[in-house]
Amino acid sequence: MKNNHHKRFAAFILAFFFSAFSSVLLAQKNFEVKLDTVRWFDTARKRVIPIAFFTPAVKVKHQKLVIFSHGYGENKGGANLAYNYLTHHLASEGYLVASVQHELPTDSLLPLTGKPQVVRRSNWGRGAANLLFVLSELKKRSPHLDFKHVILVGHSNGGDMTALFAHKYPHLISKIVTLDNRRMELPRTKEPRVYSLRSSDQPADEGVLPTAEEQKKYKITVIKLPATIHNDMDEDATEPQSKEIISYLMTFLAD
């Protein structure tokens with residue numbers, strides 16, 4: 001009897017650890033990622049919007065959507081293909097990532113003089129309109145996506161666009177994550193949830209970041225990265241920097 005009892009107990013322990021190990025493997029997704037590029041046309045604004053879609057190579061149920069906005073690239077194009085460490089990782093975790101090219105070669109360059117909140121507002125407004133168009137098109141073209149939990153992520157000038165979108169259309173998104181946006185003030189709100197990673201070298205303009213009291217009141221998360229400068233949040237990120245950014249980002253998305 002004792003031997004049978006020990007055998008059953010040993011079998012139970014093995015089954016428990018196998019189940020736990022299997023759960024860990026399932027939780028640590030690592031899907032193969034595929035890339036598709038498209039050029040959608042916004043007839044209302046007569047504007048082409050290039051988009052890079054990073055997706056897992058398998059179908060994912062209740063797939064969540066991340067719309068990514070790059071930093072300013074001086075209208076050179078191809079910025080929607082950058083930040084691969086971020087877009088690929090999100091897609092490997094099962095997200096559909098739509099990386100939007102905001103500036104076109106025919107656009108005016110971003111003003112470098114004057115008060116940024118004034119002279120760059122039209123650029124951010126155009127970016128917010130791009131995001132709204134892409135989101136609206138996806139609702140028509142990919143109705144299977146989880147549109148109740150849409151997430152916007154943006155770096156620098158793209159982070160300013162992301163913040164402006166959250167001001168204008170808070171009901172359309174569940175979270176925003178800005179990577180060192182410096183000009184457009186972050187919304188003081190509980191919905192959508194607001195998260196921001198800050199660089200070690202470039203401070204935000206006055207009023208952009210919520211105070212400690214506002215962060216507590218609205219449950220806003222602001223984290224400074226002591227070893228990452230502003231320009232190292234894109235393709236220049238080292239492996240430790242990219243891992244740190246991804247770690248925080250995935251924590252925000254799971255929150």
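Check whether at least one residue in the range 195-217 is surrounded by fewer than 20 Cβ atoms within 10 Å (Cβ to Cβ), among the basic types (Lys, Arg) and either out of contact with any strand residue (DSSP E or B) (no Cβ under 7 Å at 6 or more places or on another chain) or within 24 Å of Arg126 (Cα to Cα) (or both), and report yes or no.
Yes, that holds for at least one residue.
Six or more apart or on different chains, Cβ under 9 Å: which pairs go from a residue in the range 232-255 that's within 18 Å of Pro192 (Cβ to Cβ) to one that's in a helix (DSSP H, G or I)? Could you list them?
Here the result reads Leu249/Leu86; Leu249/His89; Leu249/Leu90; Met250/His89; Met250/Leu90; Leu253/Leu90, each pair linking the range 232-255 to a residue that is in a helix (DSSP H, G or I).
So, in the range 176-220, of the ones that are of a type outside the set (D, E, K, R) and part of a helix (DSSP H, G or I), which residue ends up farthest from the chain's Cα centre (by Cα)?
Looking at the filtered set, the residue picked out is Ala212.
Checking Leu135 against (1) part of a helix (DSSP H, G or I); (2) touching a His at 6+ places or on another chain (Cβ under 6 Å), which test does it fail?
(2)
Please find, among Ser108, Ser122, the residue that is open to solvent by 10 Å² or more (accessible area, probe 1.4 Å), in a helix (DSSP H, G or I) and more than 21 Å from Thr238 (Cα to Cα).
Answer to the check: Ser122.
Run down Gly154, Gly127 and say which single residue is open to solvent by less than 10 Å² (accessible area, probe 1.4 Å) and in contact (Cβ under 8 Å) with a residue 60 or more places away in the chain. Break it down into steps so the answer makes sense when it comes.
Working: Gly127 fails: in contact (Cβ under 8 Å) with a residue 60 or more places away in the chain.
After ruling out the rest, the residue left standing is Gly154.
Matching residues to (1) touching a Lys or Arg at 6+ places or on another chain (Cβ under 9 Å); (2) modelled with pLDDT under 95; (3) of a type in the set (S, T, N, Q):
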| residue | (1), (2), (3) |
| --- | --- |
| Leu131 | no, no, no |
| Val134 | no, no, no |
| Glu137 | no, no, no |
| Ser142 | no, no, yes |
| Asp146 | yes, no, no |
| Gly158 | no, no, no |
| Thr162 | no, no, yes |
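For the range 162-178, how many residues meet the condition of being of a type outside the set (Gly, Ala, Ser), under 20 Å from Lys216 (Cα atoms) and open to solvent by less than 10 Å² (accessible area, probe 1.4 Å)? Write out each step before concluding.
Our first condition is that a residue be of a type outside the set (Gly, Ala, Ser); within the range 162-178, this holds for 162, 164-165, 167-173, 175-178.
Remaining after also requiring under 20 Å from Lys216 (Cα atoms): 167, 170, 175-178.
Retained after the next criterion (residues that are open to solvent by less than 10 Å² (accessible area, probe 1.4 Å)): 176-178.
The qualifying residues number 3.
Arg188 versus (1) modelled with pLDDT of 95 or more; (2) touching a Phe, Trp or Tyr at 6+ places or on another chain (Cβ under 7 Å); (3) open to solvent by less than 50 Å² (accessible area, probe 1.4 Å): which is the lone unmet condition?
With (1) modelled with pLDDT of 95 or more; (2) touching a Phe, Trp or Tyr at 6+ places or on another chain (Cβ under 7 Å); (3) open to solvent by less than 50 Å² (accessible area, probe 1.4 Å) applied to Arg188, the lone miss is (3).
One line per residue, one yes/no per condition, for (1) open to solvent by 10 Å² or more (accessible area, probe 1.4 Å); (2) within 18 Å of Val177 (Cβ to Cβ):
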residue	(1), (2)
Ala52	no, no
Ala57	yes, no
His62	yes, no
Ile67	no, yes
Gly73	yes, no
Gly77	yes, no
Leu81	yes, no
Tyr85	yes, yes
Ala91	no, yes
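Output the qualifying pairs, or none if there are none: Cβ atoms under 8 angstrom, residues six or more apart or on different chains, first residue in the range 202-215 and at positive phi, second residue surrounded by 12 or more Cβ atoms within 10 Å (Cβ to Cβ) and assigned to a loop (DSSP other than H, G, I, E, B).
Matching pairs, first to second residue: Gly207/Glu185.
Take residues that are over 20 Å from the mean Cα position of the chain (by Cα) and at pLDDT 95 or above and tell me which of the strands (runs of 3 or more DSSP E) falling wholly in the range 24-97 contain 2 or more.
Output list reads 33-42, 47-56.
Do the conditions hold for Glu103, that is, is it modelled with pLDDT of 95 or more, out of contact with any Pro (no Cβ under 7 Å at 6 or more places or on another chain), more than 20 Å from Thr251 (Cβ to Cβ) and in a loop (DSSP other than H, G, I, E, B)? Talk me through it step by step, then tell me what you get.
On the way: modelled with pLDDT of 95 or more: yes; out of contact with any Pro (no Cβ under 7 Å at 6 or more places or on another chain): yes; more than 20 Å from Thr251 (Cβ to Cβ): yes; in a loop (DSSP other than H, G, I, E, B): yes.
Taking the combined requirement at face value, the residue satisfies it.
The values are calculated or read from the model by the stated rules, or taken from the named source; none is laboratory data. What you see is a predicted model, and the numbers here were worked out from it, not measured in a lab. Neighbour counts are summed over all protein chains in view; Cβ atoms, including those assigned to glycine, are modelled from backbone coordinates with ideal geometry. For the accessible areas, the whole protein counts, side chains as well, though only heavy atoms, and no ligand, DNA or RNA atoms are used. Shrake-Rupley method; radii C 1.70, N 1.55, O 1.52, S 1.80 Å.
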